Amino acid sequence: MKLVLVRHAQTAANAEGRLQGRADFDLSQEGLEQSDLLRDRLFKESYEPTHFYVSPLKRTLQTAEIIGESWVVKPKHWKDLMEYDVGIVSGLTWDEIAFSHPEIDIDLEKTRQLEGVEGAESLLDRRKRATRVIEHIFNKHEQADSILLVSHGGFIQHMISVLMGSTYTWGIQIGNTAIFEFSIDKQRWNRLETKYQHSASFFKIDRFNDSTHIGKPSLLSGDMN
């Protein structure tokens with residue numbers, strides 16, 4: 001089984017340092033160009049998924065439409081792939097939050113990924129949703145399938161944590177249109193024998209945070225949304 005995770009392309013909100021959450025922004029001109037570059041890269045690699053899922057927010061839908069425009073398979077909207085909700089600070093910069101919501105302890109909320117903000121999705125619920133996505137993938141799909149998920153920087157971190165069996169969620173600075181690619185032997189995924197769990201022959205990371213198609217090096221700590 002091949003599982004590929006892709007973050008959406010840039011929005012104006014990304015460029016301005018806004019916390020998008022579920023605020024629905026379009027791609028910027030640069031984001032449209034990034035999507036074109038990703039599409040061209042995947043075409044050159046002869047990559048086409050057998051199954052294609054996308055968050056229903058504009059920035060992910062627009063990215064998916066561009067990269068998959070020549071594919072037979074069309075993206076299926078999946079609400080569980082949405083970015084986590086950041087409540088009343090959606091669409092704001094940190095400076096705007098400090099001005100509009102002086103009651104919010106910004107340093108504290110940065111450390112807990114805005115969990116304490118009014119209307120925000122809890123860290124536990126983010127983890128539960130990521131677990132639901134990964135379990136659905138393995139329950140629904142077969143070894144020969146190649147599955148592409150187009151989602152968001154914050155939520156991709158949780159999916160990777162679940163996929164890799166970590167009890168921790170690791171901060172990853174995920175670039176716009178970055179690719180994460182995993183090759184997984186589904187037949188050995190849920191086996192009880194630990195000899196399979198500890199063999200790197202059956203579970204491989206082929207690409208991790210790869211956005212070289214837009215001239216960016218791999219990035220390894222911190223971004224969201």
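Output the residue which, of all residues in segment 42-90 that are basic (Lys, Arg) and either in contact with a Ser or Thr (Cβ under 8 Å, 6 or more places away or on another chain) or closer than 23 Å to GLN157 by Cβ (or both), is surrounded by the most Cβ atoms within 10 Å (Cβ to Cβ). Only one residue fits best here, namely ARG59.
Consider segment 103-154 and keep the residues that are assigned to a strand (DSSP E or B) and out of contact with any His (no Cβ under 6 Å at 6 or more places or on another chain). The one that is farthest from VAL54 (Cα to Cα) is ALA120. Pairing each residue of segment 37-62 that is on the phi < 0 side of the Ramachandran plot with any residue that is charged (D, E, K, R) and modelled with pLDDT under 95, provided the two are 6+ apart or on different chains, yields C-beta distances under 6 Å for LEU57/ASP24; LYS58/ASP24. Under the condition of being part of a helix (DSSP H, G or I) and out of contact with any Asp or Glu (no Cβ under 8 Å at 6 or more places or on another chain), the residues counted in segment 64-88 number 6. Does LYS110 meet the test of being touching a Phe, Trp or Tyr at 6+ places or on another chain (Cβ under 9 Å) and loosely packed, with under 15 Cβ neighbours inside 10 Å? Yes; evaluated as a whole, the condition is true for this residue.
Residues checked against (1) in a strand (DSSP E or B); (2) out of contact with any His (no Cβ under 8 Å at 6 or more places or on another chain):
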{"residue": "ASN14", "(1), (2)": "no, yes"}
{"residue": "GLY21", "(1), (2)": "no, yes"}
{"residue": "PHE25", "(1), (2)": "no, yes"}
{"residue": "GLU30", "(1), (2)": "no, yes"}
{"residue": "GLU33", "(1), (2)": "no, yes"}
{"residue": "PHE43", "(1), (2)": "no, yes"}
{"residue": "PRO49", "(1), (2)": "no, yes"}
{"residue": "PHE52", "(1), (2)": "yes, yes"}
{"residue": "GLN62", "(1), (2)": "no, no"}
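Taken together, the residues in segment 149-162 that are in contact with a strand residue (DSSP E or B) (Cβ under 7 Å, 6 or more places away or on another chain) and either under 14 Å from ILE184 (Cβ atoms) or without any contact (Cβ under 8 Å) to a residue 60 or more places away in the chain (or both) amount to 3.
The values are calculated or read from the model by the stated rules, or taken from the named source; none is laboratory data. Since this is a predicted model, take the numbers as computed values, not measurements. Note that we place each Cβ from the backbone using ideal geometry, even for glycine, and neighbour counts take in every protein chain shown.
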